[in-house]
1. Look through segment 96-140, keep the residues that are touching a helix residue (DSSP H, G or I) at 6+ places or on another chain (Cβ under 9 Å) and in a loop (DSSP other than H, G, I, E, B), and return whichever of them is nearest to ALA78 (Cα to Cα).
2. For residues in segment 107-124 being among the small types (Gly, Ala, Ser) and surrounded by fewer than 19 Cβ atoms within 10 Å (Cβ to Cβ), which is nearest to PRO13 (Cα to Cα)?
3. State all residues of segment 54-67 that are assigned to a helix (DSSP H, G or I) and surrounded by fewer than 16 Cβ atoms within 10 Å (Cβ to Cβ); if no residue qualifies, say none.
4. On the given criteria, is LEU47 in contact (Cβ under 8 Å) with a residue 12 or more places away in the chain, crowded, with 18+ Cβ neighbours inside 10 Å and not in a helix (DSSP H, G or I)?
5. What number of residues in segment 94-104 are surrounded by fewer than 17 Cβ atoms within 10 Å (Cβ to Cβ) and under 17 Å from the mean Cα position of the chain (by Cα)?
6. Let me spell it out: the conditions are (1) in a helix (DSSP H, G or I); (2) exposed (fewer than 14 other Cβ atoms within 10 Å of the Cβ); (3) of a type in the set (Ser, Thr, Tyr), and SER70 meets all of them except one. Which number is the exception?
7. Could you list, in sequence order, the residues of segment 87-107 that are of a type in the set (D, E, K, R) and over 14 Å from VAL49 (Cβ atoms)?
8. Just checking, does segment 76-91 include any residue being in a strand (DSSP E or B) and under 13 Å from the mean Cα position of the chain (by Cα)?
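The values are calculated or read from the model by the stated rules, or taken from the named source; none is laboratory data. Just so it is clear, the model here is predicted, and its values are computed rather than measured. With ideal geometry, Cβ positions are generated from the backbone for all residues, glycine too; neighbour counts draw on all protein chains shown.
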Amino acid sequence: MSGSEIELPQTRPAATRQCVEELFRRLLQSGKLQGFPTHPDELDTVLAVAAVCLTRRRPYAEWEINDLLSDWLASVQAEIDHVTLRRRMVDYGFLMRRMDGSLYFLNYGRVAEVLGDPAVDVDAGAISDDVRRDREARKRSRLSNG
């Protein structure tokens, strides 16, 4: 590389709806979200999907963020608490906050960077419900055949 060339950071393409749904089906196989994925791209995807429960260009008090994230976590029966999720979302750029911590804002640009247009509509709670129904159906089938 010559002195005049600048190496730009590699950006990955936004996740497709199918990829996001497959990721959540895999993460929710036990019937609940047991923790954060360790792969950085998968973690970004989980945080982006959680962030979609927030409204763009709207300031939130900390208690409002906590309530919305708690609801999202409940929808996927997560073994993660809302404080940890909120902190990760701030650390990874999905949530911005005032210096004094009094207000939070969704960083939709970060969400759009991770999720492709149709992927923003993925409902992790609905996927969680589907996975649980499938698990129950398999269980009933094994019991009736056993």
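1. Going through the qualifying residues, I end up with ASP123.
2. Filtering segment 107-124 for residues among the small types (Gly, Ala, Ser) gives 109, 112, 116, 119, 124.
Next cut, surrounded by fewer than 19 Cβ atoms within 10 Å (Cβ to Cβ) only: 109, 112, 116.
Details: GLY109: 14, ALA112: 10, GLY116: 8 Å.
Top of the filtered list is GLY116.
3. We begin by selecting, within segment 54-67, every residue assigned to a helix (DSSP H, G or I); these are 62-67.
GLU62, TRP63, GLU64, ASP67, listed by residue number.
4. On the way: in contact (Cβ under 8 Å) with a residue 12 or more places away in the chain: yes; crowded, with 18+ Cβ neighbours inside 10 Å: yes; not in a helix (DSSP H, G or I): no.
Considered against the rule, which asks whether it is in contact (Cβ under 8 Å) with a residue 12 or more places away in the chain, crowded, with 18+ Cβ neighbours inside 10 Å and not in a helix (DSSP H, G or I), LEU47 comes out as no.
5. The number of residues fulfilling the criteria is 1.
6. (2)
7. Our first condition is that a residue be of a type in the set (D, E, K, R); within segment 87-107, this holds for 87-88, 91, 97-98, 100.
Within segment 87-107, ARG87, ASP91, ARG97, ARG98, ASP100 meet the criteria.
8. no
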